[in-house]
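Heads up: the structure comes next, in structure tokens.
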Amino acid sequence: MTSPQAARASADGDSSRVHSILTAYLQSKAVFTALGLGVFEALEERPRTLAELARGLELEERPARALLVALKGLDLVRTENGTYRNSDEASRYLVAGRPEYMGGFAAHQNTHFGHFSRLDEAVRTNTSLNQRVLKQGYRDQGAAAGEGREGTGRLIQAMRVSSRLQAGKLAAAAPLAGVRRVVDLGCGSGDYSIALATHHPELKVTALDYPAVTDLARANVREAGLADRIEVRPADIMEDPWPETDAVLLSHVLDGYGPERAAHLVKRIHAHLPDGGLLLVHSHMPALATGLFPSMFGLILLVNTEEGEVRDVDEIRAWVEDAGFRETGTRTVSLLSGLLTATK
């Protein structure tokens, strides 16, 4: 899909679009730096002049000015009468303590930034740089090599930010009329289970993932007030038994595995579901998603996994039909995702 900006650049016949692509890293790194320094919290407390902000953050004025100019260009900071203040967007998403704060997601992406300085190595060698997901699954319950449980927490927090852009839309798009029980395999932060249960009050959901992940998901479910309708259980979704269910949700699960493991999981789901049972596959499908990120996500998988790839509609449909499912359908869910449904 071509953006309006890309269309204009192409019509102008110059290199402006390619120039924007080649310098895009400056935008994210400016925000990562501002978050690390506490710029947005300082400006949320009160508007400040350049001198006041530099003094408060213990910076010299020259680097403070360069950073503020960049943030102003991104429309995250605005100026009036010589003072700087946050835009509404920055106040909502970039100030610590706000309900929709994206600082954890930014920290996770900043970690990716470091890995991506070695992307050429990953491309040349087809080798995961941080070994987060091995051929058989996550190496340490969501943590990359050397991270431990803090790494699991950072991953789940980052997933929550992405999930909020998709979960409500998935719940609205999912054809769950008459369905009473759903198993959410690889539930992650639990936000998709929460959205399904919120949108469909008749549903009971069982959410399964690694023990360290379910500890975090269970807390999110309790916070949402849905512990009576969402049961969170620890499980290896490739090996452990699942409860009886009318439908299975796979949300952003298949991308992490190689084709053999992904196809195995789909076949296992088919064998488990009753006749008429429903499979919901929700993921970054570039053919269905309307944004650019799904096309870029394969590079993250290259750095983080041994065999993961972005799985598009045709590949997923082939696994589903080979497993014996019928009546497949697809639809766009969000900027980041699409949905494939199939019936046993």
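The values are calculated or read from the model by the stated rules, or taken from the named source; none is laboratory data. The shown structure was predicted, so the numbers you read here are calculated from the model rather than taken from an experiment. With ideal geometry, Cβ positions are generated from the backbone for all residues, glycine too; neighbour counts draw on all protein chains shown. These accessible areas exclude ligands, DNA and RNA; they are computed on the full protein's heavy atoms, side chains included. Shrake-Rupley method; radii C 1.70, N 1.55, O 1.52, S 1.80 Å.
Considering only residues in the stretch 293-313 that are open to solvent by 50 Å² or more (accessible area, probe 1.4 Å) and touching a residue at least 40 places away in the same chain (Cβ under 8 Å), the one that is nearest to the chain's Cα centre (by Cα) turns out to be Phe293.
If you scan the stretch 204-240, which residues turn out to be acidic (Asp, Glu) and either within 26 Å of Ala177 (Cβ to Cβ) or open to solvent by less than 10 Å² (accessible area, probe 1.4 Å) (or both)?
Passing the criteria: Asp228, Glu231.
Can you work out which of the residues in the stretch 74-121 that are out of contact with any helix residue (DSSP H, G or I) (no Cβ under 7 Å at 6 or more places or on another chain) and in a loop (DSSP other than H, G, I, E, B) is most open to solvent (accessible area, probe 1.4 Å)? Taking the candidates together, the pick is Asn81. Each residue in the stretch 249-269 was checked for being of a type in the set (Asp, Glu) and open to solvent by less than 10 Å² (accessible area, probe 1.4 Å), and 1 pass.
Remark: Ile316 falls outside the filter, which requires a residue to be farther than 18 Å from Ala173 by Cβ and either outside any loop (DSSP other than H, G, I, E, B) or in contact (Cβ under 8 Å) with a residue 40 or more places away in the chain (or both). Listed conditions (1) over 30 Å from Asp191 (Cβ atoms); (2) modelled with pLDDT of 95 or more are all met by Ser87, apart from (1). Among the residues of the stretch 1-36, those that are under 30 Å from Gly104 (Cβ atoms), at pLDDT below 90 and of a type outside the set (A, V, I, L, M) comprise Ser3, Gln5.
Every condition in (1) closer than 30 Å to Thr127 by Cα; (2) without any contact (Cβ under 8 Å) to a residue 40 or more places away in the chain; (3) surrounded by fewer than 14 Cβ atoms within 10 Å (Cβ to Cβ) holds for Pro286 except the one numbered (3). Consider Ala66 carefully, then state whether it is modelled with pLDDT of 95 or more, among the hydrophobic types (A, V, I, L, M, F, W, C), surrounded by 15 or more Cβ atoms within 10 Å (Cβ to Cβ) and assigned to a helix (DSSP H, G or I). Taking the combined requirement at face value, the residue does not satisfy it. Checked against (1) in contact with a Pro (Cβ under 8 Å, 6 or more places away or on another chain); (2) surrounded by fewer than 17 Cβ atoms within 10 Å (Cβ to Cβ), Pro201 passes all but a single condition, namely (1). Being more than 20 Å from Asp209 (Cα to Cα) and not basic (Lys, Arg) is the requirement here; does Leu249 meet it? Against the criterion (more than 20 Å from Asp209 (Cα to Cα) and not basic (Lys, Arg)), Leu249 does not qualify.
The listed residues are Asp246, Asp275, and the only one of them that is open to solvent by less than 60 Å² (accessible area, probe 1.4 Å) and among the acidic types (Asp, Glu) turns out to be Asp246. On inspection, Glu321 qualifies as surrounded by fewer than 19 Cβ atoms within 10 Å (Cβ to Cβ) and not in a strand (DSSP E or B). Each residue in the stretch 40-84 was checked for being basic (Lys, Arg) and under 21 Å from Leu26 (Cα atoms), and 4 pass.
Return yes or no: is Arg331 basic (Lys, Arg), open to solvent by 60 Å² or more (accessible area, probe 1.4 Å) and part of a strand (DSSP E or B)? Against the criterion (basic (Lys, Arg), open to solvent by 60 Å² or more (accessible area, probe 1.4 Å) and part of a strand (DSSP E or B)), Arg331 qualifies.
Filtered by the rule that a residue be touching a helix residue (DSSP H, G or I) at 6+ places or on another chain (Cβ under 7 Å), at pLDDT below 95 and not in a helix (DSSP H, G or I), the stretch 202-223 gives a lone residue, Asp209. Among the residues of the stretch 216-231, those that are touching a residue at least 12 places away in the same chain (Cβ under 8 Å) and among the charged types (D, E, K, R) comprise Arg218, Arg229, Glu231. Checked against the criterion of being more than 30 Å from Thr125 (Cβ to Cβ) and within 15 Å of the chain's Cα centre (by Cα), the stretch 262-279 contains not a single residue that satisfies it.
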